[in-house]
Amino acid sequence: MKKIISLAKRRGFIFQSSEIYGGFSSCYDFGPLGVEMKNNIKRAWWDEMTKNHDNIVGLDAAILMSPKVWEASGHLTAGFADTLVECKSCHKRFRVDEIEGQGRDRRGTVPKCPECGGELTEPRKFNLMMKTFVGPVEDEAAVTYLRAETCQGIYVNFQNVLNSMRLKIPFGICQIGKSFRNEITPGDFIYRTREFEQMEMQWFCKPSRINTNLARSASRGSLTNKSRIENWTLDEWFDYWKEERFNWYLKLGIKKENLRIREHKKEELSHYAVAGADIEYKFPFGWREIEGIHNRGDWDLKNHSKFSGQDLSYFDEETKEKYIPYIIETSGGVDRSFLVFLIDAYEEIKGGRTKTTKATKEIEILLKLDKKLAPIKVAVLPLVRNKPELVKKAKEVYKILKPYFVCQYDELGSIGRRYRRIDETGVPFALTIDFESLKQEDLTVRDRDTMKQARVKIKDLVKVLKEKLEN
Ligand code: GAP
């Protein structure tokens, strides 16, 4: 992790928030490369949801909502709380689930502080919602909360989206946005923070009861032949989305041996879930959740109907039945995926890949990011910088490519050094302008992973690079 954190800072991916003031605990800022990569992750997810799947539409709801939303969702009650113990000597706080198994006594309690061995307080519940005030008067009437999950904005807009888009069940609504949780023990760099981004999709489907009725009607011959997918049960959708989401990480280059799906035990289910599973990644600090897939049953729409007094049911034209749709949710973290993509792409090559005498003494860092996620797509490099004609040509090429790709121009240091620098930030293609380029109007395109170089005419560059980046 130290190496990843150091690379992230050195190369402009991630900085500590408010660093000049000594930092602000568990908050991070994404630098020039970080914001590009983060946008690429979000774009890849958005495209996956809205282009690679049928019947999913997007939404961008406000972070601040009526506090009633959080009453209805169960987040203001004990449902959304961590159990916390505090050390009576060093006053460090721990989540009980975090220190379970460390120094338990025979009754299963954790009697000692894992840091200093001091006595711990009795466990107590700690709500994770971040409180704020809306308007000039800071009284109880002005209290609201920074959202703790983006999906609540989707549920409260269920009828708006359904009516405006004339959707038919099953369908999905997806959203990307910031969420806030007053985590007791943030840590592991950007793994657990108090401000983070989520990518959530809520899949609205028929309750199993309707499917059973449908099957009965179908066997009586009163229904036209329906494609089976529309009548999938909740369990079938749950399995489908687990697989789809698992495969998304694989498609973006995560090594299969570093990923697994872990089903939730009954006692660890969130307050809203009937069933749940985590997609976990093998971090340097152990297997941890990166995305949750939940069967939320009718918890959300039923409660929002009850608390708002609005009927949030759906009328099924086919069965002529009215029902509250059931929900399968996929809920991933942008920041956690970012960390996963960074860690999984990171490679160290002792002695470097080019065997010059200098290089053999060093460790080369290669960031094998998927081309879709790489923050900078193309680097433009004059072979040497003390030849004005090469520099001029390289700048011309840079100007041609800039409107199409996120490009970088670099003339500082030897060409070998510059290749190293761009490999470290995962740039898929490096273009070198050499003396031949001046005569032939071409340049070399170097592939980050194979280091193979091929000459390409400058006039064909945009087309060739587009093809290379898309494949
Ligand atoms: N709507 C359901 C929900 O929010 P969750 O399992 O609490 O479920 C989903 O969170 C995902 O959000 C997690 O898998 C993780 O990627 C991200 N996430 C949750 N808390 C986080 C935190 N404190 N810091 C960073 N990411 C977090």
Positions within region 122-180 being β-branched (Val, Ile, Thr) and either surrounded by 12 or more Cβ atoms within 10 Å (Cβ to Cβ) or within 25 Å of the chain's Cα centre (by Cα) (or both), in sequence order: Thr132, Val134, Val143, Thr144, Thr150, Ile154, Val156, Val161, Ile169, Ile173, Ile176
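Looking at region 428-441, which of its residues are farther than 23 Å from Leu366 by Cα and either surrounded by 20 or more Cβ atoms within 10 Å (Cβ to Cβ) or touching a residue at least 40 places away in the same chain (Cβ under 8 Å) (or both)? Walk me through how you get there before you give the answer.
Taking region 428-441 and keeping what is farther than 23 Å from Leu366 by Cα, we get 434-441.
If the condition is that a residue be farther than 23 Å from Leu366 by Cα and either surrounded by 20 or more Cβ atoms within 10 Å (Cβ to Cβ) or touching a residue at least 40 places away in the same chain (Cβ under 8 Å) (or both), then Asp434, Phe435, Ser437, Leu438 are the ones that fit.
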For region 415-466, which positions are more than 35 Å from the chain's Cα centre (by Cα) and basic (Lys, Arg)? Lys439, Arg455, Lys457, Lys459
Consider Leu373 carefully, then state whether it is under 27 Å from Lys178 (Cα atoms), modelled with pLDDT of 95 or more and surrounded by 18 or more Cβ atoms within 10 Å (Cβ to Cβ). yes
Out of Val384, Val406, Val380, Val391, report the one residue that is at pLDDT 95 or above, surrounded by fewer than 22 Cβ atoms within 10 Å (Cβ to Cβ) and more than 26 Å from Ser337 (Cα to Cα). Val391
Hand me the list of strands (runs of 3 or more DSSP E) wholly inside region 115-173 holding 2 or more residues that are more than 30 Å from Thr50 (Cβ to Cβ) and not aliphatic (A, V, I, L, M). 124-127, 130-133
Please work out which one of (1) more than 10 Å from the ligand (Cβ to nearest atom); (2) assigned to a strand (DSSP E or B); (3) within 24 Å of Gln198 (Cβ to Cβ); (4) of a type outside the set (Phe, Trp, Tyr) is the condition Ile279 fails and give its number. (1)
If we ask which residues in region 148-188 are modelled with pLDDT under 95 and among the small types (Gly, Ala, Ser), their number turns out to be 1
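Can you tell me which of Ser337, Ser331 is assigned to a helix (DSSP H, G or I), under 26 Å from the mean Cα position of the chain (by Cα) and near the ligand (Cβ under 9 Å from one of its atoms)?
Just one listed residue meets the conditions, Ser337.
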For region 99-116, does any single residue satisfy the condition of being out of contact with any strand residue (DSSP E or B) (no Cβ under 8 Å at 6 or more places or on another chain), at pLDDT 80 or above and more than 16 Å from the ligand (Cβ to nearest atom)? no
Residues of region 44-62 classified as loosely packed, with under 14 Cβ neighbours inside 10 Å and not in a loop (DSSP other than H, G, I, E, B), total: 1
Qualifying residue in region 190-197 (condition: surrounded by 17 or more Cβ atoms within 10 Å (Cβ to Cβ), more than 10 Å from the ligand (Cβ to nearest atom) and either aliphatic (A, V, I, L, M) or in contact (Cβ under 8 Å) with a residue 12 or more places away in the chain (or both)): no
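Those residues that are hydroxyl-bearing (Ser, Thr, Tyr) and either part of a helix (DSSP H, G or I) or in contact with a Gly (Cβ under 8 Å, 6 or more places away or on another chain) (or both), I need them from region 63-96; list them, please.
Ser89
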Considering only region 267-276, state which residues are within 12 Å of the ligand (Cβ to nearest atom) and either of a type in the set (Ser, Thr, Tyr) or in a strand (DSSP E or B) (or both). Ser270, Tyr272, Gly276
Given (1) within 16 Å of the ligand (Cβ to nearest atom); (2) assigned to a loop (DSSP other than H, G, I, E, B), identify the lone condition not met by Asp311. (1)
Tally the residues that are away from the ligand (no atom under 16 Å from the Cβ), part of a helix (DSSP H, G or I) and modelled with pLDDT of 95 or more, restricting the search to region 340-370. 1
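The values are calculated or read from the model by the stated rules, or taken from the named source; none is laboratory data. Being a predicted model, the structure only gives us computed values, none of them experimental. FYI the Cβ positions are ideal-geometry reconstructions off the backbone, even for glycines, and counts take in every protein chain you see.
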